[in-house]
1. What's the total number of residues in region 190-212 that are closer than 17 Å to Met129 by Cβ and surrounded by fewer than 22 Cβ atoms within 10 Å (Cβ to Cβ)?
2. Which condition number does Ala224 fail, the rest of (1) farther than 30 Å from Ile260 by Cβ; (2) of a type in the set (Gly, Ala, Ser); (3) out of contact with any His (no Cβ under 8 Å at 6 or more places or on another chain) being met?
3. Quick check on my filter: what residues within region 311-333 are over 25 Å from Leu244 (Cβ atoms) and crowded, with 21+ Cβ neighbours inside 10 Å?
4. Only one of (1) polar (S, T, N, Q); (2) at pLDDT below 85; (3) in a helix (DSSP H, G or I) is not met by Gln288, so which one is it?
5. Could you check, for region 310-329, whether at least one of its residues is in contact (Cβ under 8 Å) with a residue 60 or more places away in the chain and in a loop (DSSP other than H, G, I, E, B)?
6. Regarding region 97-111, can at least one residue be identified that is crowded, with 23+ Cβ neighbours inside 10 Å and part of a helix (DSSP H, G or I)?
7. Let me spell it out: the conditions are (1) out of contact with any Gly (no Cβ under 8 Å at 6 or more places or on another chain); (2) of a type outside the set (Gly, Ala, Ser); (3) within 27 Å of Leu207 (Cα to Cα); (4) surrounded by 21 or more Cβ atoms within 10 Å (Cβ to Cβ), and Ile290 meets all of them except one. Which number is the exception?
8. Going residue by residue through region 130-147, is there one that turns out to be touching a Gly at 6+ places or on another chain (Cβ under 6 Å), closer than 30 Å to Ala65 by Cα, in a helix (DSSP H, G or I) and modelled with pLDDT of 90 or more?
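The values are calculated or read from the model by the stated rules, or taken from the named source; none is laboratory data. Because the structure is predicted, anything quoted here is derived from the model rather than measured. Cβ sites come from the backbone with ideal geometry, for glycine too, and all protein chains shown count toward neighbours.
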Amino acid sequence: MSQATMTLATEAPAPTLPGTLGSMRAPRSLWSNAWRQFRRNKLAIAGLIYLTFLAFVAVLAPVIAPHNPVQSDLRTAGKYRQAAWIETDNPKTAGDWSYPLGTDGNGRDVFSRLVYGTRISLVVGFIPMAVIMVIGIPIGLMAGFIGGTLDNFLMRLTDIVYAFPALLFFIIMQISFGDTNIGRLLNGLVLLFITLSIINWTGVARLVRGDTLALKEKEYVEAARASGASAWRQISRHILPNALGSIIVAGAFIVPGAIIAEAVLTYLGIGLRPDVDLNAPFPTSWGQMIQAGQTAYRNQAWLLIAPSVAVALITLSFTFVGDGLRDALDPRDQI
């Protein structure tokens, strides 16, 4: 053997044996793997970026909006000022960049109303979703973990609520309580929260019950039960954390449904009430703009186009994020 060969053999690094510290890599956590999978989904990332942008728009609405969304421009009251890039023979209705999307029939800036409408859409999406989770998760956990008579009672109750037509329930609630103190709170927002929460918790309850039935038969739960762990400890330490992935995905799909429900109800005239307070935090919604635009789209198209596109984009964004979360939290994809 030559001297060069001996030198290379001497300088070669010693092989690392399995089980030694050099070959061990810290395992990724479930959430680390989920985030890595989520980042691979370009549509989900785009949706998340857009929703983050909308959150900033909702918070900074007074800074972004060029006009008060409730205040009328007396010069164009009774007429529709067109979008900024549209020219007309009448200077009162010609486009002006101080009103980027024009004005409605009352002389109110469409762009400012669109910006402030972001607040209601996000609030209507997230607050009912949180209330639905508070109702549905405990019911699903109790039904799945305890079983027996309680499970049968809770699931029959769930079936009854699920079978009731949602739109009919919305109409009954709005007509029955719309003129009460609860119905007038925040121009009907509180009543809308209650209505959406009462009728939509059934899906979460069924999902959590199914996961609980499967998880309580796992070896680690049986081991905890055999070691004397209480029911609360089994649920809080083993069942609920492992069902969290499905719950998060369900929540991501509840939000766009609530946003669309608000737009539809307001379009039908049984949703939120218009607000004329110049300092109101929620002066308008995209549903109210669609309702106004459907009768005036021939005179001012952007009064209908702008809120319709806004509802479509926020719904698509939540759908993309929900799809990304579903793929990322699927244990079969945790490589």
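1. The qualifying residues number 9.
2. So Ala224 meets the others, but not (3).
3. Scanning region 311-333 gives a single hit, Val311.
4. For Gln288, the exception is condition (2).
5. Yes: region 310-329 contains one or more residues that are in contact (Cβ under 8 Å) with a residue 60 or more places away in the chain and in a loop (DSSP other than H, G, I, E, B).
6. Scanning region 97-111, I find at least one residue that is crowded, with 23+ Cβ neighbours inside 10 Å and part of a helix (DSSP H, G or I), so the answer is yes.
7. Looking at each condition in turn, Ile290 falls short on (3).
8. No.
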